[in-house]
Amino acid sequence: MSTATISIAETPDDIAAVKQLCRDFVTWLHAAHPEQREKILIYFEPTKWERTLAELPEIHARPDGAMLLARLDGAPVGCIMYHRIDQGIAEVKRLFVTTEVRGKGIASRLVEVLIESAQSDGYQELRLDTTTFLSEAERLYRKHGFVDSTHRIEIAEEALDVVVFMRRTI
């Protein structure tokens, strides 16, 4: 069995792969959770989402952040990223692995590498938000030491009932 490689997405091909994985994530969300369509659209309003994707390299630019890309046999299969939100605090964003490789530990390894990278970059705390309907993600984050948090990010009021805020000291 092949081992996934995880590296910082730096080349145009890497960045394009991360953007496509992010698009695939939203497509998967709609397919897996059609009952949450309205909440998903609050998070990922198509025009704003495409603008965010275009800005990913700047939002997560080194040395204040990174986009991590997992490849298996050379094919992009997962991503996760972080960026600075305050002195010593980074926000974790967009963990996703393709359905074909779920259960192989790639998501867990992405979180581990992100924690190591953020710690090397001088961060002392990681924050994130997920949703109640992404229970697998919430379990994974808890496995890696994330706990419930009272911090808040700017989020539409109508989405707050499904948002879980988490943090981890590193």
The chain - charge dipole about Cα centre, Lys and Arg +1 at Cβ, Asp and Glu -1, debye rounded to 20: 400 debye
statement: Here the alpha-carbon Rg of the chain over 2.2 N^0.38 Å rounds to 0.97
- line: For the chain, dividing by residue count, accessible area per residue (probe 1.4 Å) in Å² works out to 52 Å²
query: Which residue fluctuates the most in the chain, going by a Gaussian network model with Cα springs under 10 Å, if the choices are TYR123, TYR43, TYR141?
result: TYR43
- prompt: What list of ³J(HN,Hα) couplings, whole Hz, do you get for region 115-131 from phi and the Karplus terms 6.51, -1.76, 1.60, once you set θ to phi - 60° and write x for glycine and proline?
  reply: 4, 4, 5, 5, 5, 4, 7, x, 6, 10, 8, 10, 10, 7, 10, 9, 10
- request: Would you compute, from DSSP H runs of 4+ residues alone, the mean residue ellipticity of the chain at 222 nm, taking -39500 (n - 2.57) per run and dividing by the full residue count, rounded to the nearest 500?
  value: -12500 deg cm²/dmol
- line: Accessible-area order for SER2, SER120, largest to smallest, probe 1.4 angstrom, reads SER120, SER2
message: List the aspartates and glutamates whose Cα sits under 15 Å from the Cα of LYS39, skipping any in the same chain fewer than 8 residues away.
response: ASP129, GLU154, GLU157, GLU158, ASP161
- line: Taking the dipole of the chain about the Cα centre (Lys, Arg +1; Asp, Glu -1; charges at Cβ), the one of ALA31, SER108, LEU41 that reaches farthest to the positive side is SER108
- prompt: What's the longest piece of the chain with no exposed trypsin sites (Lys or Arg not before Pro), counting a site as exposed if DSSP puts it in a loop and it has at most 16 other beta carbons within 10 Å?
  reply: 1-101
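The values are calculated or read from the model by the stated rules, or taken from the named source; none is laboratory data. Note that the structure is predicted; figures quoted are calculated from it, not measured. A quick note on method: Cβ atoms are made from the backbone with ideal geometry, for glycine too, and the neighbour counts reach across all protein chains shown. Note: areas computed on protein heavy atoms with side chains; ligands, DNA, RNA excluded. Shrake-Rupley method; radii C 1.70, N 1.55, O 1.52, S 1.80 Å.
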